1. Just the residues that are closer than 21 Å to Pro95 by Cβ and free of Cβ contacts under 8 Å to residues at least 24 places away in the same chain, please, taken from the stretch 110-139.
2. State all residues of the stretch 68-83 that are among the β-branched types (Val, Ile, Thr) and without any contact (Cβ under 8 Å) to a residue 60 or more places away in the chain; if no residue qualifies, say none.
3. Return the residues of the stretch 186-214 that are surrounded by fewer than 22 Cβ atoms within 10 Å (Cβ to Cβ), without any contact (Cβ under 8 Å) to a residue 40 or more places away in the chain and either more than 16 Å from the ligand (Cβ to nearest atom) or part of a helix (DSSP H, G or I) (or both); say none if nothing qualifies.
4. Out of contact with any Gly (no Cβ under 8 Å at 6 or more places or on another chain), at negative phi, more than 16 Å from the ligand (Cβ to nearest atom) and assigned to a loop (DSSP other than H, G, I, E, B), is that true of Glu226?
5. Please determine, by comparing only the residues of the stretch 159-185 that are more than 16 Å from the ligand (Cβ to nearest atom) and touching a residue at least 60 places away in the same chain (Cβ under 8 Å), which one is farthest from Thr84 (Cα to Cα).
6. Name the strands (runs of 3 or more DSSP E) wholly within the stretch 92-176 that hold at least 3 residues that are out of contact with any Cys (no Cβ under 9 Å at 6 or more places or on another chain), over 25 Å from Arg59 (Cβ atoms) and not β-branched (Val, Ile, Thr)?
7. Kindly indicate the residue of the stretch 1-47 that is modelled with pLDDT under 90 and of a type outside the set (A, V, I, L, M, F, W, C) and also surrounded by the most Cβ atoms within 10 Å (Cβ to Cβ) among those meeting that condition.
Amino acid sequence: MATSRCPCASLVRMSEYVIGLDLGGTKILSLCVDREYNVVDEDRRETEADSGPEAVIDRMVASARAVIERRNVLAIGISTPGPTKTFEGIVTTPPNLPGWKDVPLAKLISERTGLPSWIENDVNAGALAEHRIGAGRGTKHLVMVAPGTGVGGGLVLDGKLYRGASGGAGEVGHMQMDPAGPRCPCGRFGCLEVLASGKALGETARMIAANEPDGLVAQIAEREGEEPDARILDLAAEQGDEAAMGALIQAGAYLGAGLTNLIDVFNPEVIVIGGSLRKSAIYYQTALSRAKPQAFPQHAADVRIVEAELGDNAPAIGAAIIAWERLAGVRNQGTTQP
Ligand SMILES: [Zn+2]
């Protein structure tokens, strides 16, 4: 008599997952993601960035382990802020994370969890997530632009995350829009980021409040007990403050010009706009009104400009997608990764 196989065997086989582990300036997020990219479990905790890299990495490992204890996890994709040596798994100099310099994060997380791990810049990971399951699904060529504190960007070309020769592609915030413009922390003058970011608008808001102590910007800031920033600038503009409106229109026009450049350089099917600044209607609508009309007519006809769909989870989901694709042998990387 042949040995019969228990009918429950297939049920016993555990479902498989990966973790998308997002390292942010204020929070650490582990999303447990299945093969269809559904989020089935998560762990959130504070980054406590001031405690330095070792303590932060301890918390990242603890967060991942919390999920690993509950689920059958195969690998970890990590999204990190700022510049990375993606192919070597090294986080170079992330903004808002004091003490970090050339940390081999992928190796450290892998050693301490026993799972294969890869890192990716957070905006790149977000762009990939929007391409696979968000606002850009079904397209081949996507450009992501995220005006928030800075202006981040990511490129998905021919269906793959485009990282360039060493992993640094997609720095749309550092397109030089005006060589005679203000100095950017990157060392150049007039980058999109110093003309159209939340940080830049915050400086303008503080300047307006100082110049017009009785104006709306200063009043709203005082009422809310906060330093003037881009959000307060927007509130003042919505109530008719001319200086605030002018600042948002000017910044929106620069973003629009940046989008025009991207439309003509990449001829994408979709530009996905992420970042918190798109919530400012004056800024965002100004950018939209300028972007396509200035582009080559055929390129303008080819492209949709849409808002991101996945919200704050996008980088973690994108990192998880990278882990799944790496496990499947899919190469999203640029030209030099082994
Ligand atoms: Zn710059």
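1. The answer is none; no residue qualifies.
2. Step one: list which residues in the stretch 68-83 are among the β-branched types (Val, Ile, Thr), which gives 68, 73, 76, 78, 80.
Once the filter is applied, which keeps residues that are among the β-branched types (Val, Ile, Thr) and without any contact (Cβ under 8 Å) to a residue 60 or more places away in the chain, the stretch 68-83 yields Ile68, Val73, Thr80.
3. Selection gives Gly202, Glu203, Arg206, Met207, Ala210, Asn211, Glu212, Pro213, Asp214.
4. Details: out of contact with any Gly (no Cβ under 8 Å at 6 or more places or on another chain): yes; at negative phi: yes; more than 16 Å from the ligand (Cβ to nearest atom): yes; assigned to a loop (DSSP other than H, G, I, E, B): yes.
Yes; evaluated as a whole, the condition is true for this residue.
5. At the first step, the residues of the stretch 159-185 found to be more than 16 Å from the ligand (Cβ to nearest atom) are 159-167.
If we keep only those that are touching a residue at least 60 places away in the same chain (Cβ under 8 Å) as well, we get 160-167.
On the way: Lys160: 18, Leu161: 15, Tyr162: 14, Arg163: 11, Gly164: 13, Ala165: 13, Ser166: 9, Gly167: 7 Å.
Only one residue tops the list, namely Lys160.
6. On the way: elements: 117-121, 142-147, 151-157.
In the stretch 92-176, the matching strands (runs of 3 or more DSSP E) lie at 142-147, 151-157.
7. Our first condition is that a residue be modelled with pLDDT under 90; within the stretch 1-47, this holds for 1-14, 25.
In the following step, the residues that additionally are of a type outside the set (A, V, I, L, M, F, W, C) were identified as 3-5, 7, 10, 13, 25.
Working: Thr3: 5, Ser4: 6, Arg5: 8, Pro7: 7, Ser10: 8, Arg13: 9, Gly25: 14.
Per the stated criteria, the residue is Gly25.
The values are calculated or read from the model by the stated rules, or taken from the named source; none is laboratory data. Just so it is clear, the structure is predicted and the values come from calculations on it, not from any experiment. Note that we place each Cβ from the backbone using ideal geometry, even for glycine, and neighbour counts take in every protein chain shown.
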